[in-house]
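A quick write-up on the structure given underneath.
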Amino acid sequence: MDILYLQHVPFETPRTILDWARERGHRIKGVHLYQGDPLPQETPDFLVIMGGPMSVHDQEEYPWLAAEKDYVRGMLAREIPILGVCLGAQLLAEALRARVEKNPVKEIGWFPVQLREAALEHPWFRDFPREFPAFHWHGETFSLPEGALHLASSEACVNQAFLWKDRVLALQFHLEMTPEGAEDLLRHSASDLVPGPYVQSPEEIRGKPEFYELTRSLLFRLLDRMAGL
């Protein structure tokens, strides 16, 4: 399988998605939009859209966002499996004509995500726990596209995940996170750590090896099921 990922900043990489692809013997390559990589003409078998500190509305500051949005709409039309993470989830929502706007509060750190009944009844999530810890780093959220299945919520953010046409998965949270990735965010996005009810301190974010082990396991299950389409 040929997997393509879109990366928006140097420090938000696919992390354990790369581990999964290599362990499963898939080919994976990235388009690093922040350094001017061109978007490919060929259609991948699987598209992954990563996170980033910018908003989907920041096209003036990041002109490559316009081309990326056109590309994402084209990939949606080609009916391949697509995973969007954080900013990637918001790009998918916007491409599907849903709103992306500020969340009532910032959500940064490890907070529980609750799966909705619709998710627990879906084959992709049938053996997932009803609630699990997930890594968050966002100040915006999306509304649900028309026809999307609402999958998950948290106390701070109602729309944490959706599934569209059983092949497009949007996750506001980061199952792919690693300790190194968290340190990169703490270093490069420290200005986001303003006081708030759902903003943890660096000390609260660090550690948690059992959380990384669990989210890695959940992500591998999801990717296996997506790749089996």
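Bear in mind that the values in this text are calculations on the coordinates, not laboratory data. The shown structure was predicted, so the numbers you read here are calculated from the model rather than taken from an experiment. Backbone-built Cβ (ideal geometry, glycine too); neighbour counts: all protein chains shown.
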- Task: Say whether the condition of being assigned to a helix (DSSP H, G or I), of a type in the set (Gly, Ala, Ser), surrounded by 18 or more Cβ atoms within 10 Å (Cβ to Cβ) and out of contact with any Cys (no Cβ under 9 Å at 6 or more places or on another chain) is met by at least one residue in the range 112-122.
- Result: yes
- Residue list for the range 96-126, filter: farther than 27 Å from Ile205 by Cα and acidic (Asp, Glu): Glu117, Glu121
- Can you tell me which residue among Leu65, Leu18, Leu39 is touching a helix residue (DSSP H, G or I) at 6+ places or on another chain (Cβ under 9 Å) and either buried (at least 17 other Cβ atoms within 10 Å of the Cβ) or under 18 Å from Leu175 (Cα atoms) (or both)? Leu65
- Note on the structure: Screening Ser153, Ser191 for residues that are of a type in the set (Gly, Ala, Ser) and either touching a strand residue (DSSP E or B) at 6+ places or on another chain (Cβ under 8 Å) or under 18 Å from Val113 (Cβ atoms) (or both) leaves only Ser153
- Item | Residue satisfying condition, being under 14 Å from the mean Cα position of the chain (by Cα), polar (S, T, N, Q) and assigned to a helix (DSSP H, G or I), within set Thr141, Thr215 | Thr215
- Note on the structure: Within the range 173-220, restricting to residues that are surrounded by fewer than 17 Cβ atoms within 10 Å (Cβ to Cβ) and basic (Lys, Arg), the one that is farthest from Asn159 (Cα to Cα) is Arg187
- Run Gly147 past the list (1) on the phi < 0 side of the Ramachandran plot; (2) more than 15 Å from the chain's Cα centre (by Cα); (3) free of Cβ contacts under 8 Å to residues at least 24 places away in the same chain and report the number of the one that doesn't hold. (1)
- Taking the range 68-98 and keeping residues in a helix (DSSP H, G or I) and either out of contact with any helix residue (DSSP H, G or I) (no Cβ under 8 Å at 6 or more places or on another chain) or surrounded by fewer than 17 Cβ atoms within 10 Å (Cβ to Cβ) (or both) leaves Lys69, Asp70, Tyr71, Arg73, Gly74, Met75, Ala77, Leu87, Gly88, Ala89, Gln90, Ala93
- Task: For the range 44-62, name all the residues that are surrounded by fewer than 15 Cβ atoms within 10 Å (Cβ to Cβ) and touching a strand residue (DSSP E or B) at 6+ places or on another chain (Cβ under 9 Å).
- Result: Asp45, His57
- Message: For the range 44-59, give me each residue that is out of contact with any helix residue (DSSP H, G or I) (no Cβ under 7 Å at 6 or more places or on another chain) and over 16 Å from Phe142 (Cα atoms).
- Response: Pro44, Asp45
- Confirm whether Leu163 is in a strand (DSSP E or B), buried (at least 17 other Cβ atoms within 10 Å of the Cβ) and touching a strand residue (DSSP E or B) at 6+ places or on another chain (Cβ under 9 Å). yes
- Message: Condition first: without any contact (Cβ under 8 Å) to a residue 24 or more places away in the chain, charged (D, E, K, R) and closer than 26 Å to Met54 by Cβ. Can you find one or more residues in the range 181-197 that meet it?
- Response: yes
- Query: Do we find a residue being out of contact with any helix residue (DSSP H, G or I) (no Cβ under 9 Å at 6 or more places or on another chain) and either at positive phi or among the basic types (Lys, Arg) (or both) anywhere in the range 170-186?
  - Reply: no
